[in-house]
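The values are calculated or read from the model by the stated rules, or taken from the named source; none is laboratory data. Just so we're clear, the structure is a prediction, and the values are computed from it rather than from any experiment. Don't worry about glycine lacking a Cβ; one is built from the backbone with ideal geometry, like all the others, and counts go over all protein chains shown.
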Amino acid sequence: MAEIIDRLEMNHITKRFPGVLALDDVTIHLRKGEILALLGENGAGKTTLMNVLYGLYHQDEGSVLINGQEVQIYEPLDALKRGIGMVHQHFMLVPNLTVLENIALGMYQHSEFKLDLERVRGRVKEVAERYNLSVKPDAYIWQLSVGEQQRVELVKVLTLGANVLILDEPTAALTPQQTDALIDLLRQTVLQDTSIIFISHKLNEVKAISDRVAVLRNGKLVFDGNTADHSAADLAEKMAGREIKYPKIQKKDEYGVPILQVQNVWADGDQEGTDSLQGLSVEVRAGEIVGVAGVSGNGQRELADAINGIRKIKEGRIVLDGEDISNHSPQQIIDRGMGYIPEDRLHEGTIPRFSVRENLIMKDYRRAPLSKALFLRKGEIDSRSESLVKAFNVKTPDIQTSCASLSGGNIQKVILAREITRKPKALLAAYPIRGLDIGASEYVHNQLIQAREEGMAVLLISEELDELLDLCDRIAVMYEGKILDVLPREECTKQELGLLMAGVAHGKE
């Protein structure tokens, strides 16, 4: 068992990568029983700093002290032995292994288990029940949504008994009630010799859970103070270095005709014998944003796949602007006017090793004016790409830079630029701000509102209730492959949406 950490210090940490000063003389500290919120925009250095603490990186300058003694943490096993556990934003899971096998891999150094999967199963069940975090022990990681994988990571680190927890966006897959329960639980946990570093872009959560806040900007520590002394707006401004204005839609008197109609659709799940979509129906009109709220793993990914031709449906119809597109190929659906911002921006929304230029033209390179007689027109392609990079404020050295080199926010801007400027009839956006900082989220939201104003039908899949309430004309709540209810935005409350997301039927106690 690791010793109890009474005080953790990271002093004057500097970390360089080729051409980049990622951390510039950063000093933070954490006391036993304290929750420290670590804030900053994408690329500010938050994850890099925590990767140093967890042993994935080693600092170029500075020191880490535990209980006043300098320690060397060269790998995650060193961190775990000292009682430091981390739930990563980008998951450390093996896709072709089950949930149980992934958790067992993290416990193989614990001699009491010795890869006894049934004992590990018992420990997982105990932790999952204690923390009210449901996981599917026998499901393969590749079968799970991003939100479900996040829950697996959280359960995995909790099974190891760490007394300093680094939590990177831990509530993305939870309902408001589960988030409140987790906050209460973490508050109870810190009373039992545990400390927490909590990374989140949800400032209401930061206000609710943290004792102190440290803010990084461009690799420097720009603020360290008590959470209670500052409003959420103050913290947002400290993160961005400017005032943040959250966009909201204005109510319309009327909408256009239905453009996207999903009618009584049934579809298989990834596990044999399961129906992920069970008679689901929803429609979106021209000039309307309809939100789909739900805890990750209730069929959202399968719905997006079915609409875009990636997953076959067994029953029902999917209609785009009056044309039945059920079980058409993805290319046929693209050609008929469907736009798609997928959940996995790096591997599904882009080809990481391709350049920004190549990713921007991916859906239109075979058409004029980008090609002629089967030949690409380099001048036209370069001109369009440069124009889109400028219009959508994509921060990239040049259009030949690979998408894998960009931040999450800038990859999302590349996808937005490609999808929106094609002027699709309907646009499906799945978790478009997941993992993005406040500034990037503000930009994405403005683009979705602009698409709505231009008459596009937008289907927005999200777990962020603030996002749904700010952007949507109507909100449909999805649970176990069905739509439980569809409510006008002005009739929605977070509490009511949270109950529906948990499977409590509308209007029932």
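Of the strands (runs of 3 or more DSSP E) lying entirely inside region 1-77, those containing at least 1 residues that are more than 23 Å from the chain's Cα centre (by Cα) and in the same structural domain as Ala214 (by TED's automatic domain parsing) are 7-17, 20-31, 61-66, 69-71. Hey, could you check region 214-225 for residues that are assigned to a strand (DSSP E or B) and in contact with a strand residue (DSSP E or B) (Cβ under 6 Å, 6 or more places away or on another chain) and say which is surrounded by the fewest Cβ atoms within 10 Å (Cβ to Cβ)? Result: Asp224.
Condition first: within 25 Å of the chain's Cα centre (by Cα), aliphatic (A, V, I, L, M) and either surrounded by fewer than 17 Cβ atoms within 10 Å (Cβ to Cβ) or more than 23 Å from Arg31 (Cα to Cα) (or both). Can you find one or more residues in region 246-253 that meet it? Yes, region 246-253 contains a residue that is within 25 Å of the chain's Cα centre (by Cα), aliphatic (A, V, I, L, M) and either surrounded by fewer than 17 Cβ atoms within 10 Å (Cβ to Cβ) or more than 23 Å from Arg31 (Cα to Cα) (or both). In this structure, Leu165 does not qualify as outside any strand (DSSP E or B) and touching a helix residue (DSSP H, G or I) at 6+ places or on another chain (Cβ under 7 Å). Residues that are surrounded by fewer than 24 Cβ atoms within 10 Å (Cβ to Cβ) and either in contact with a His (Cβ under 9 Å, 6 or more places away or on another chain) or part of a loop (DSSP other than H, G, I, E, B) (or both) within region 299-318 comprise Asn308, Gly309, Ile310, Arg311, Lys312, Ile313, Lys314, Ile318, listed in sequence order. Residues considered: Ile244, Ile259. Of these, the only one that is in contact (Cβ under 8 Å) with a residue 60 or more places away in the chain, hydrophobic (A, V, I, L, M, F, W, C) and part of a strand (DSSP E or B) is Ile259. Across region 402-413, the number of residues qualifying as in contact with a Lys or Arg (Cβ under 9 Å, 6 or more places away or on another chain) and either modelled with pLDDT of 95 or more or of a type in the set (S, T, N, Q) (or both) comes to 4.
Look through region 418-448, keep the residues that are at pLDDT 90 or above, of a type in the set (Gly, Ala, Ser) and under 19 Å from the mean Cα position of the chain (by Cα), and return whichever of them is nearest to Ile199 (Cα to Cα). Of everything passing the filter in region 418-448, Ala430 is nearest to Ile199 (Cα to Cα). Of the numbered conditions (1) under 30 Å from Ile399 (Cα atoms); (2) surrounded by 15 or more Cβ atoms within 10 Å (Cβ to Cβ), Ser326 satisfies every one except a single condition; which is it? Looking at each condition in turn, Ser326 falls short on (1).
Total residues in region 191-213 satisfying the condition of being part of a helix (DSSP H, G or I) and crowded, with 20+ Cβ neighbours inside 10 Å: the figure is 4.
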